[in-house]
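**Q** I am attaching a structure below and will ask some questions about it afterwards.
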Amino acid sequence: MADKEISLPAKLINGAVAGIVGVSCVFPIDLVKTRLQNQESKDGQKMYKNMRDCFVKTFRKEGFRGMYKGSGVNLVLITPEKAIKLTANDTFRFYLRTDKGQLPLYREMLAGGGAGLCQMIITSPMEMLKITLQDAGRISTTGQGPQLSSAGGISAAPSRAFSAVAMAATPQRMSALRIAYDLFRTKGLSGVYRGAGATLLRDIPFSMIYFPLFAHLNHLGKPEGAATSPFYWSFSSGCVAGCMASVLVNPMDVVKTRIQVLKRAQGEQTYNGVVDCAKKIWVAEGPSAFMKGAWCRVLVIAPLFGIAQMVYYFGVGEYILGIDSQYY
């Protein structure tokens, strides 16, 4: 990389393909993560006991399409988001090299932090819209008034009267475009970028951890004298680095998720900024609440970035543009 200029168009194509493939594979788990992070205990009981319970109840109530709520906006915006993130990291790594072509760890972390900063322009509104759509089913169920069972779940046998009321009370179907339009019309850019501060506090540390860790792990798998690491090693390196980074920043992901959801069920907390949200979670739910959805997040981020790095380094963009690809 020190001797070769990078092709931004090729990297943009690679990032787009990587994002679409990755999100398509892991989106249902991401939906479960969002609902687990947003739910609050009521009288010591929860709607979802764990990841499996949430997955099963969501699938039974909302079907296969319900598991992909919010995927449309994610698939549309993940293309520029992943393209910006991966391309920015490559670009910063290229220009932050020393005169001897070396990249010290602190410069690797600066490059990753810069990538996390650049992606926020897409990530913040994308996540806000996605989270609102993902959590709509949970809020709808809570708002309709089913009783929490002693096991912490929803009663599996609602009465006919309840079913009729629930059907009559079903809200109009939301769309990402409609939500974005209403927010921009009423609150301007600040509405669309709700939770941007929390997004930065999550994404910058994540990228500062992920990209240097991935680069070093990936380098370990490069055979002597070879220009590239095997694709399976790149995939594994992306999974491991994504897993570690996602766990370390999960507390801020919980805060971001709580702030960005637009509608909350009756009786749930409302939040006024990052500090207020963190304090209320700590007081009401304890420190363990900051790790809600951590296991789901690992199952989302690890394969997402493994797939992303594998597709990215296959050089699809370079192939399409007729450029000689090179592992960086």
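Every read-out reported here was derived from the displayed coordinates using simple, explicitly stated rules and does not represent laboratory data. What you are looking at is a predicted structure, and each value in this text was computed from that prediction instead of being measured. Here the Cβ positions follow ideal geometry from the backbone for every residue, glycine too, while neighbour counts run over all protein chains shown.
**Q** Can you tell me the convex hull volume per residue for the range 224-328, based on C-alpha atoms, in Å³ to the nearest whole number?
**A** Taking the convex hull of the Cα positions in the range 224-328, it is 146 Å³ per residue.
**Q** Looking at the calculated P(r) for the range 1-102, what percent of the C-alpha pair distances fall above 15 Å?
**A** On the way: 3614 of 5151 pairs.
Every Cα pair in the range 1-102 considered, those over 15 Å come to 70 percent.
**Q** Below 12 angstrom from the Cβ of Thr87, what's the summed charge of the other residues (Lys, Arg +1; Asp, Glu -1)?
**A** That works out to +2.
**Q** Additional query: Which cross-chain or sequence-distant (5 or more) residues have an amide H under 5 Å from the amide H of Gln45, H modelled 1.01 Å from N in plane?
**A** Excluding prolines and chain starts, which carry no amide H, there are no hits.
**Q** What percent of all Cα-Cα pairs in the range 267-328 falls into each 10 Å bin, going from 0 up to the bin containing the maximum distance?
**A** The percentages, shortest bin first, are 18, 26, 19, 16, 16, 5.
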